[in-house]
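Please treat every number below as a calculation from the coordinates, not as lab data. Quantities reported herein were computed from a predicted structural model and do not represent experimental measurements. Quick reminder, even Gly has a Cβ in these numbers, built from the backbone with ideal geometry, and neighbours come from all protein chains shown.
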Amino acid sequence: MNENPIVKIEGLTKTLGRKNVVDDITVDIYGGEVFGFLGPNGAGKTTTIRMMLGLMKASKGDVQINGFSVKKQFVQAMEHVGGIVENPEMYGYMSGYQNLVHYARMNGITTKGRIDQVLDVVGMRESSGQKVRRYSLGMRQRLGLAQALLHKPKLLILDEPTNGLDPAGIREMRRHLRYLAEEEGMAVFVSSHLLSEMELMCDRIGIIQTGKLIDVQNVHDFVGGIEEKTLHLTVDPIREAQKILKVHFPKQTMITKGKTIQLQTAPDKVPELITELAGAGINIYEASLNGGTLEDKFLKVTGGEGVV
Amino acid sequence: MAGILAVVIIGGALITLLNTEPPADNWRAEVQQQVEGDREALAEDPEAVFLQERLTLNNYRLDNDIAPINDATQWGFVDFVSILTMFVTLFTVIAATSSVAGEFTNGTIKLLLIRPVKRWMILLSKLIVSLFYAAGLLLLLFVTAYLAGGLFFGFQSPQLTTLYIDNGQVVEQSMAASIWAGYGLAMVNLVMMTIFAFMIAAIFRNSSIAIGLTIFLMFAGTNVVVFLSQYDWAKYILFANTDLRMYFGTGEPLIDGMTLGFSIVILAIYFAVFAFLTFFVFSKRDVAA
Ligand SMILES: Nc1ncnc2c1ncn2[C@@H]1O[C@H](COP(=O)(O)OP(=O)(O)OP(=O)(O)O)[C@@H](O)[C@H]1O
Ligand SMILES: [Mg+2]
């Protein structure tokens, strides 16, 4: 991760009617990281993205992209950002290639071959001659990504980029985004309402609820850390295991279900426990930690309903 | 659009060919015959203005040796077809509206407006393209009419003279001037309707609503103005001023006292207001499409 933030969001607020749909959001995003913007439906993700891209005017606050204010230096700011807001709608009566030619011109790209390059990156070289009208949703998403990468932006903003993609497509999108952040040093800003998806592709995740940025966490804090989480252990024989664990957690009542023991522990202690159990000749079939702080918070935010 | 226009013109040429008697070899005899008929009719009804004017014109023709221009001749046809500029206006309004409102309806506006280009420049380029489109269609209309007229009725030198009556006096007008009034002045109307369509499109942001509303206002406006022409203030209405042909040739100003200069000033004011509103709304309003 670089030292200087590529995006500085400062006190960003959007008031629609009487409601602050986006409420005083402040966060910096750095080159080389994938930043996840996580929130339930209607939280204000798309509205934030629209303001970052100058489609909507901020009621208060501002966004700086590569040092340029979206409010005051719109043109310079837009030179350094590529993105998709909701669905990547393009001109259906033109081919994918012609659409890219159009956007390249508007971005002042004169280098020949850049279009072919981005088509190769997203694997759309073959179908770029077809009319966009005939594209599947997955193909549109790919072309959308190609369009956003044309001018080699420092910041890439994608609003729910995995929407409508199949599992293979999601994996591929994830790989693209990791590559762009790690190898090209881009700052990648992705929104989603799926925590599981975000954990796999992001370095940091910010949770937004009813317009407020509630929390920003490093994904890698999930591994290790001293805050307690729930550990599930599937072991045999279970009585021996319980005896050993009792020594470490004298005060805890462990919940046992079949061959699984459930207990609260800090992630830091997990390796030690496992070594000891294994040393005592106990077979460990499965060990899993969950209920990380981020998930807890997100569950609270979403009311524990099926969106996670 | 261009195809439809060409088909309409060629169809028009065929119908004209079938329904109009070809120009007689001896036009003097024909005109003479009409003069005699008109005289007899006038003897019975001396107040018939139309017959009086036709008689005056025909006498002038015979005295000055100016042949009447038949619709079934090349230039007669070109002149006749100039009423089809109405279609050019219609097509231009549709194209102009969808080039702005369509981007919102289809959602393509988002990827368009996140480019490093000021919004007003994007709108200006759309306006320029729409005006070129209008001019192109107008040229196409003229060229197709010229060719169809030539092919169906035979090519002809444009050095012809048309006659009309102004304040009881017979006035000679060259064919070129009449054609210029028919086609060239249509461009003024096209420019006004294009900016009008842009304004409606920028405000409503929905192709069907914007196209429907623009066309409705355009036709309703033209008719309402005729209806209101008894009131003096009606001369300040946009649609009272868009058809500048009323100041040329056989045209009559819609309301007494209106002059070409007056209409040009009114049109310029409307244009400025429409353009300001369009650019203001397009540049400032949030895009939530
Ligand atoms: N004109 C308006 N007046 C008041 N509130 C509005 C208006 N337009 C949108 N909203 C509200 O703004 C909120 C934010 O919407 P936004 O599209 O940013 O959410 P989102 O996080 O992108 O949701 P999703 O996951 O469904 O895409 C919504 O709760 C919506 O009800
Ligand atoms: Mg959204």
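At a glance:
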| quantity | calculated |
| --- | --- |
| Mean Cα-pair separation over length for chain A, i.e. relative contact order, pairs under 8 Å, 6 or more apart, % | 20 percent |
| Spatial separation of Cα centroids for the stretch A:237-260 and the stretch A:1-52, in angstrom | 45 Å |
| Cβ-defined net charge surrounding A:L150, 12 Å radius [Lys, Arg +1; Asp, Glu -1] | +2 |
| Alpha carbon convex hull of the stretch A:46-157, volume per residue in cubic angstrom | 95 Å³ |
| Simple Cβ-charge dipole of the stretch A:89-228, Lys/Arg +1 and Asp/Glu -1, about Cα centre, in debye nearest 20 | 1000 debye |
| Proximal charge balance of A:T210 [Cβ under 10 Å; K/R count +1, D/E count -1] | +1 |
| Radius of gyration and maximum dimension Dmax of the stretch B:133-289, Cα, Å | 18.9, 62 |
| Selection from B:I4, B:L113, B:L228 lying farthest towards where the dipole of chain B points positive, charges on Cβ | B:L113 |
| Distance from the stretch B:247-261 to the stretch A:104-118 (C-alpha centre basis), Å | 54 Å |
| Qualifying trypsin sites (Lys or Arg not before Pro) in the stretch A:1-107, DSSP loop, other Cβ atoms within 10 Å at most 10 | A:R18, A:K72 |
| The protein assembly as shown - Rg (one decimal) and Dmax (whole number), Cα, Å | 36.9, 133 |
| Within the stretch A:69-154, GluC sites (Glu not before Pro) in DSSP loop having at most 16 other beta-carbon neighbours inside 10 Å | A:E86 |
| Top positive-direction residue, dipole computed over the protein assembly as shown with Cβ charges, set B:A67, A:Y93, B:I255 | A:Y93 |
| Taking the stretch A:229-291 and dividing mean pair separation by its residue count, relative contact order in percent (alpha carbons under 8 Å, at least six apart) | 57 percent |
| DSSP H segments from chain B that extend 18 Å or more along their own axis, Cα-based, with Kyte-Doolittle mean of 1.6 or above | B:2-19, B:119-153, B:175-204, B:207-228, B:260-284 |
| Dipole axis of the protein assembly as shown (+1 Lys, Arg; -1 Asp, Glu on Cβ), positive-most option in B:V88, B:N19, B:M175 | B:V88 |
| Aspartates and glutamates with Cα under 15 Å of A:K251, excluding same-chain neighbours fewer than 8 positions away | A:E228 |
| Set of aspartates and glutamates with alpha-carbon distance to A:K259 below 14 Å, sequence-local pairs under 8 removed | A:D236, A:E240, A:E286 |
| Sites B:V224 and B:I128, calculated FRET efficiency, Cβ-Cβ separation with R0 35 Å, nearest 0.05 | 0.70 |
| Trypsin sites (Lys or Arg not before Pro) within the stretch B:117-167: DSSP coil, no more than 10 neighbouring Cβ in 10 Å | none |
| Calculated [θ] (222 nm, deg cm²/dmol) that DSSP helices of n ≥ 4 give over the protein assembly as shown, each run adding -39,500 (n - 2.57) | -16500 deg cm²/dmol |
| Distance between modelled label sites at B:A177 and A:I238, nm, 7 Å Cα→Cβ extension | 10.8 nm |
| Chain B, relative contact order [Cα under 8 Å, separation at least 6], % | 22 percent |
| Summed side-chain charge close to A:M139 - residues other than A:M139 whose Cβ falls under 14 Å, Lys, Arg +1, Asp, Glu -1 | +2 |
| Within the stretch A:229-291: Cβ-based charge dipole about Cα centre, in debye rounded to nearest 20 (Lys, Arg +1; Asp, Glu -1) | 280 debye |
| Ratio Rg/Rh, restricted to the stretch A:229-291 and using Cα atoms, in which Rh is the Kirkwood radius | 0.90 |
| Between the stretch B:1-67 and the stretch A:132-180, the Cα center-to-center distance that results, in Å | 69 Å |
| Nearest-0.05 FRET efficiency for B:I269 and B:L42, computed from C-beta distance (R0 41 Å) | 0.30 |
| Top of A:I29, A:I170, A:I207 by mean-square fluctuation, Gaussian network on chain A, Cα under 10 Å | A:I170 |
| Chain A, dipole about Cα centre (Lys/Arg Cβ +1, Asp/Glu Cβ -1), debye to the nearest 20 | 1040 debye |
| Volume of the Cα convex hull of chain B, divided per residue and given in Å³ | 155 Å³ |
| Largest-first principal axis extents, alpha carbons of chain A, Å | 71, 47, 35 |
| Set A:K154/A:K212; A:K71/B:K110; A:K71/A:K112; A:K60/A:K212; A:K60/A:K154; A:K57/A:K131 screened for pairs whose C-alpha atoms are more than 22 Å apart | A:K154/A:K212; A:K71/A:K112; A:K60/A:K154; A:K57/A:K131 |
